[in-house]
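First the structure, in the form of C-alpha cells, and then the observations on it.
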Amino acid sequence: MSARFLRFLLAGSINTLFGFFVFFLLALTSLPTWIILLVSNVICFIFNYLTSGGFVFRDLGITRLPRFLLGYGVVYAFYLVLIEWLSPVVGGRHWAMASVILPMAIFTYFIQSRFVFGVKPKS
C-alpha cells in the first residue's frame with residue numbers, strides 16, 4: 001500500500017467523520033435529502049480540498065480547484081442516488097449514508113488520484 005493511499009485513508013477518515021457529522025445533524029431536520037447533501041458538501045468542500053490536496057497529494061495549486069469541484073459534483077450525485085435508493089431498504093438516510101461510506105471513499109480516491117491530482121496542470 002502506497003504512502004499516498006495511507007495518507008488518503010487518514011485524511012478521508014477525518015473528512016468522512018466531519019462530513020457525516022454535518023450530514024447527520026442536517027438530516028435531523030425535515031429538509032429534502034438533496035438539500036442536506038448540497039449544504040454538507042459546500043461546508044466540507046474547502047476543508048476536504050486542503051486535506052486532500054495538501055496532505056494527501058501534496059498539491060494545493062489553484063488550477064486543481066475546478067477539477068476538484070467537478071469531482072466533488074460527481075461524488076455528490078452518486079451519494080444522492082445511493083442514499084435515495086437505499087434509505088427505504090435500510091431504515092432511513094442515516095443508515096443509508098453509513099452503508100455507502102466505504103465504497104464511496106474508494107470511488108472518491110479513484111476520482112481524486114486519476115482525474116483531479118493525477119493530471120498535470122497546464123502552465
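The values are calculated or read from the model by the stated rules, or taken from the named source; none is laboratory data. Just so it is clear, the structure is predicted and the values come from calculations on it, not from any experiment. Neighbour counts are summed over all protein chains in view; Cβ atoms, including those assigned to glycine, are modelled from backbone coordinates with ideal geometry.
Conditions (1) closer than 29 Å to K120 by Cα; (2) within 15 Å of the chain's Cα centre (by Cα); (3) not charged (D, E, K, R), marked per residue:
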| site | (1), (2), (3) |
| --- | --- |
| S2 | yes, no, yes |
| N15 | yes, yes, yes |
| F21 | no, yes, yes |
| C44 | yes, yes, yes |
| F55 | yes, no, yes |
| R64 | yes, no, no |
| V75 | yes, yes, yes |
| V100 | no, yes, yes |
Only one of these is at pLDDT 85 or above, in a helix (DSSP H, G or I), farther than 20 Å from F5 by Cβ and of a type in the set (V, I, T): V81, V75, V42. Name it. V81
Step by step: first the residues of region 71-123, then only those that are surrounded by 12 or more Cβ atoms within 10 Å (Cβ to Cβ) and among the hydroxyl-bearing types (S, T, Y), then the one that is nearest to N48 (Cα to Cα). Which residue is that? Y72
Condition (residue is free of Cβ contacts under 8 Å to residues at least 12 places away in the same chain and in contact with a helix residue (DSSP H, G or I) (Cβ under 8 Å, 6 or more places away or on another chain)) applied to region 39-58: is it met by at least one residue? no
Provide a single number: the residues in region 23-42 that are under 12 Å from the mean Cα position of the chain (by Cα) and within 23 Å of R67 (Cβ to Cβ). 5
Which of the residues belonging to region 59-72 are touching a residue at least 24 places away in the same chain (Cβ under 8 Å), farther than 16 Å from T108 by Cα and in a helix (DSSP H, G or I)? T63
Condition first: buried (at least 18 other Cβ atoms within 10 Å of the Cβ) and basic (K, R). Can you find one or more residues in region 6-20 that meet it? no
So T29 fits all but one of (1) modelled with pLDDT of 90 or more; (2) surrounded by 15 or more Cβ atoms within 10 Å (Cβ to Cβ); (3) of a type in the set (S, T, N, Q); what number is the exception? (2)
Here is a list: F24, F5, F18. Which entry is closer than 16 Å to G118 by Cβ and among the aromatic types (F, W, Y)? F5
